[in-house]
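Structure first, commentary second.
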Amino acid sequence: MEMNQLPPARAYAKVDDDIPVMVSITVPSGISSVQRKPVDLVVVLHVRSDWKVPKNCMKLLVEAVSIVAETLGDDDRLAILPVQPSLALVSAAESREAASALSTMILFGHGQDDKENRTGHIIVISNTSDVGVAPVESLLQPWRFPSVHAFSFRNFHNARTMHNIVASSCDCTYAILDDEHGNTTDAFRTTIRRITSSMPIEMKLVCEEKNVVLSSIQAPLVSYFISSDKKAITIWANAHPDPAANSVATTNYIVNIRNKGQATLFLDQVPNLLKVENVKNNNQLQSSLAENVVVAIHEDAMAEMVRLEAIKVADRISANDNQDWEQRHAAANELRGWWTMTRSNKLYAKVDWKAIAISRLAAEIQEMEIRLYNDYLWKEYMLSWLSHQRWQLPLPPLFIDRQATNDVPVQLEINAKRLGGTNLADQNRQKHGVAVLARVKVPETGLAKQKTPFVDLVVVLDVGCQAIEMEGKARERLQILSEATGVILDNLKHKDRLAIIPVQSSLTKNGASSLLEMSDQGREQTFTKIQSFINLVAKKSTKHAMQLKNTVKLARNCIHISSVNSSLPTPTFPASQHANSTTARSAPAAADGITCKLSKVLLTNAIQMLDNRPQEEKDRMGVIIVISDNHDNSICMEALSTNYNIHTFGFNGMHNVRAMYNIASRSNGMYDLLYDDRNLITEAFISCMNKITSIIVLGTEVDMICSSSRSPGVALSTIECGQFESFMIDNARKSTIMVGALHATSVKNFLFYMDNVREDDHDNIFKLFTVHVRCLPTPNTVDEKLNNQVEVIWNGIDGENNDDVVASIARVAAVKIITRITDPNYDQKLVGRLSREMETMQDIILRVMEKINGNLQYVERADPSYNEKLEQRLPWEMLLKVYEYKQAAEKVLRERKELAKTAQRRVFQHSKISNAHLEHPGYTTLMEESLTKELEEMEANLLREIFDPNYYIKLVDRLVRVLSPEGSGGSTRDAGMRHKLTLVIENMEANLSGLINGPTNNKQLVEQLVSNMCKSCSNHARAHGQVRLAMEMEKMNIRLGKEMVTMICRQIIVPVYYKNLMARSAMLTCLTDSESQRANGNALYALTIEKMEITLVMEMDKVEANPERMDKIVSTYNEKMVVLLVREMFLEVSKYAQVAGEARLSREMEDMEDSLVYKATTDTDYPDYYKKLVSNKLSYMLSLLSFQGSCEQLPR
């Protein structure tokens, strides 16, 4: 940039005793990119890594460094200085050491030429607390480093210290690194661009009027010098054009001039008072532009003075770091009052309040007010605003949702997907249907745009002393209750109101029975009453503990047992008797005599308290929270109708899960545990309180209307809206979902299914319907124009967000299955499916055997001697199949036991299921085809073996392989034994041949021949050292004799016996295939094969069993099939959960399914185990149903 290209500096003034003149220096875009000095940039990474740090911390750091590297030019230089290389916990010593190294490198590492010809900048990124950052702050003194920019992570409470690093330094800013979506903020990107485009300016301003002097300058932290005669002032500043925005850079200064003479100065004289003597860029290029100085009208000067006054007010308000709710609201009111007063001040009467700069300032002041009011990152916002305003830099969007284009509180995102029946999530839908996902979002930044309403919260404490509970356990529970009430008090604003209602009749009249404002006095009263309640329960618990201790001591004395330790052990109870019990039972007999049931307290006390409020208080949000450790289930049997959300939380292992869930689900509330296994308050409880106190809009309704003009046949078939009330009218062409209040960060997913959509309408799908969202602002909303304003985002059909639709469909499918699992009568409903499952498997067997039977008849016709050969050799084949199945089953059993011992969980990757499987009509059809193919191959091999002249030699090899220990019987030294066994078997077959062809069949003779053969084979095996083979040959005597008698004595016809052989082969195939498919991750397919296996086992048991055992066989089959159906439900939920992105749900379901597999291996009484398993996980599953019923999307 040539200096003569610079536009003139301009001056603006208002005439008064002390006349403020505004001087503006404007640098057009593009100049600094040519003339700027090379940059030396040091990035200090002052971060730690522990469980409190977001998982994407490393990703953000990599992204930030990448932005820096991409922005710097070829002549620029970059250094990365981690405080510790491993991102471990940051200690104070490490911080000081790193800061010292930084100061040495920057201050003394550069040569003199570098310092003169290159600009130095420092960026500090920190996610440590204020204490952790303090050592760095102490060493990064402003006078040492002319340009430091500090960035902190959200919610790490180090805004004050990070701002202090830059507060008194020239040209330094503070901002947030990450936005609410975990991405790098625009503030960081803008700062890097400014570093590489800043332009130092030096300007000298001279006053030549004899009786006029320059008294002072109003520009925070700007370097300037006034001459001793007060006739000249030199200003050093930086201009910051933004190359990305192609904008000019304007810097304003208020210069006060004073009239020392007697004559009055008039406005038209002001332009002649000041002259710009010279302007320098970088102390190198000069231009004399003095004759171009312009003094403008006073309105602009007043606008700048309003901005400077705003800086003072914001600085004063933000100086108090320890403000409580009342002080923050007072500060918000002070800010609003100051702005209102400023606008009405006659001094600023001619300010153009609609000008862009003033309008932007007004919006920022309003956002400060709302952030203070809602306690939403107000300190971070105000301190960042201050650091930017002091240097007259536009405040970049710090936490704005990247999809938001305006300040509307609600967004509607619409995605659509055509349903073709082949996808995992929509295979049961109509072929030409369309799924529409309407996602209603309230960005977190709504807390910066709307004031949240006041809340009236009623907390019902169904907490007491259990008669069998030890003192230590009771003390833990009460400590948790105290922490929970602390969370409640911390979240409520000073104008919110709270009532505490104990369920116990002995405490009701002494409890907090009225709504108290959470002022200092109200908090103190509430806290006192809560502590009184806790102390009373603790006192009763101690009494019961002493009674139990004395009882045990008396028992010990009676049976002459001396007490080694006077303290009693804490009794433990089976999980099935406490946590998540699925059986209805009366409440345990509490010593304090509970006479006031929870249902009565809810209906007559809590709900009536909110109903009986005066009309002028009805605009306050009414909410009820129930905290319970009671197993009483009477509430389940009573109707509960209320207009208020009731959220229920139970003590882990000490509450009636179904009762709490039913209360919440009937009132659109949420249910969950109060604390986790580590005795920490759950995120669910904390999140519930955050939602209650961050309501942005009320009375939300979602409408979907099908267009009658575009496609008359299109109509809605189904609405998936969880627990929200909905209805359809106008022949299913219009639907409405009553959603109600929405909180900040809320994301509600609603699915609409449209039928009768023509193929040619798919490209214009959004012309077939419209979606409307109606909502009301909160009562104390600042901007009433936000009423019913919604930003709509159309994403098209089958677009890039198509996965969101599929995920929502899968999520709904998973919820429906979990609903069936958690049904208290679900096991009885599964029994109703048994006959259908059995019929399905039997039909498959019948169809497969019909195909095999056709081949058998063909061979019979081709070779009349085939039956004789089958009669001789099928018993051997049947026997071998029995042994092979037994051997394979024992191997599977051993492997599962080993896994059970090591508690190794097999992870099933449903994504491994091929697309062919997903597109197939079903697993049963796939299994039928696979089984038919396998049996046909087996049949072909069998035919070749039966007609093989060396059949007996191969038979002996198979017997040795099956009956001998694994790996034995294969050496050449056993050749003699094999030869002898072959001769023995051949000799028996020759004798049997005469019986087959003879006129009569002698059963005793057949058994005798088989017995002699088995004994002879056993002796030959022992003679060769094959002890295991010898023992197995002796055991084989009875089994083989039975098979031979069956065939040779004509007790069963050959085709039927042949089919039984194929059934045995199918059993073996199913056993091996199911394990193979399970190992490959195809768990659902493996389970379908298991169904076939147990059905085949049942059919074979029926063939061999006595009539009196038939009922037992069917009963055993039903028990096993019920367990398989339960496992199938678990796996289906896991499959849908993976598609929906619900990793924990998928993992939990896989663990439950795996537990059933292990239990079947290690416990003979496993059929009822699944009930205990569901009971133990009932709390988790019902809490998940409660969350999913709200149609809320989990944060990613």
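Suppose R0 equals 41 Å. What FRET efficiency, 1/(1 + (r/R0)^6) with r the Cβ-Cβ distance, do Arg758 and Arg1147 give to the nearest 0.05? My answer for the efficiency is 0.45. Each of Val739, Val455, Val792, Val213 was scored by other Cβ atoms within 10 Å of its Cβ. Arranged with the fewest first, they read Val792, Val213, Val455, Val739.
Global dimensions of segment 826-1188 from alpha-carbon coordinates: Rg and Dmax equal 23.5, 78 Å. Taking a point 7 Å out from the Cα of Glu929 in the direction of its Cβ, the residues of segment 823-846 whose backbone N falls within less than 19 Å of it are 841, 843-846. Does a label point 7 Å from the Cα of Arg774, set along Cα-to-beta-carbon, have any residues of segment 700-723 with amide nitrogen under 14 Å, and which are they? Residues passing the 14 Å test: 700-705.
Remark: the Leu347-Met58 segment gains 98.9 nm on full extension, using 0.36 nm per residue and subtracting the alpha carbon distance. A straight chain from Ser708 to Arg118 at 0.36 nm per residue would run longer than the Cα-Cα distance by 205.5 nm. Estimated from the Cβ-Cβ distance and a Förster radius of 30 angstrom, the FRET efficiency linking Leu78 and His157 is about 0.55.
In this structure, Asp823 and Glu701 have a Cβ-Cβ separation that, at R0 = 45 Å, corresponds to a calculated FRET efficiency of about 0.90. Summary of packing: across the peptides 1107-1115, 887-895, 330-338, the per-residue average of other C-beta atoms within 10 Å ranks them, highest first, as 330-338, 887-895, 1107-1115. Modelled this way, with points 7 Å down the Cα-to-C-beta line, the labels at Glu334 and Val1056 are 9.9 nm from one another.
Protection proxy ranking of 304-316, 69-81, by the mean of other Cβ atoms within 10 Å over each peptide's residues and highest first, is 304-316, 69-81.
Packing here is the average count of other Cβ atoms within 10 Å per residue, and on that basis the peptides 685-695, 484-494, highest first, run 685-695, 484-494.
Search the structure for amide H atoms under 5 Å from the amide H of Ile257, placed 1.01 Å from N in the peptide plane, and list their residues when 5 or more places away or on another chain. Answer set, sorted by chain and number: Ile19, Val21, Ser215.
Take the cross-link list Lys881/Lys1172; Lys473/Lys1172; Lys441/Lys493; Lys1003/Lys1035; Lys897/Lys1035 and give me the ones stretching past 31 Å between alpha-carbons. Check vs 31 Å cut-off fails for Lys881/Lys1172.
Here the gap between Arg316 and Asp1163, fully extended at 0.36 nm per residue and compared with their Cα-Cα distance, gives a gain of 297.8 nm. The residues neighbouring Leu880, those whose beta-carbon lies less than 13 Å from its own, together hold a net charge of +2 under the Lys/Arg +1, Asp/Glu -1 convention.
Label Phe727 and Asn853 with points 7 Å out from Cα along Cα→Cβ: what is the distance between them in nm? Once both label points are built, they end up 5.9 nm from each other. Under the simplified labelling scheme, the Ala69-Thr528 pair shows an inter-label distance of 6.3 nm, with each label point 7 Å from Cα along Cα→Cβ.
Each value in this text was obtained by applying a stated rule to the coordinates, not by laboratory testing. All of these numbers come straight from a predicted model, not from anything done at the bench. Counting neighbours? That spans all protein chains shown, and the Cβs are built from the backbone with ideal geometry, glycine included.
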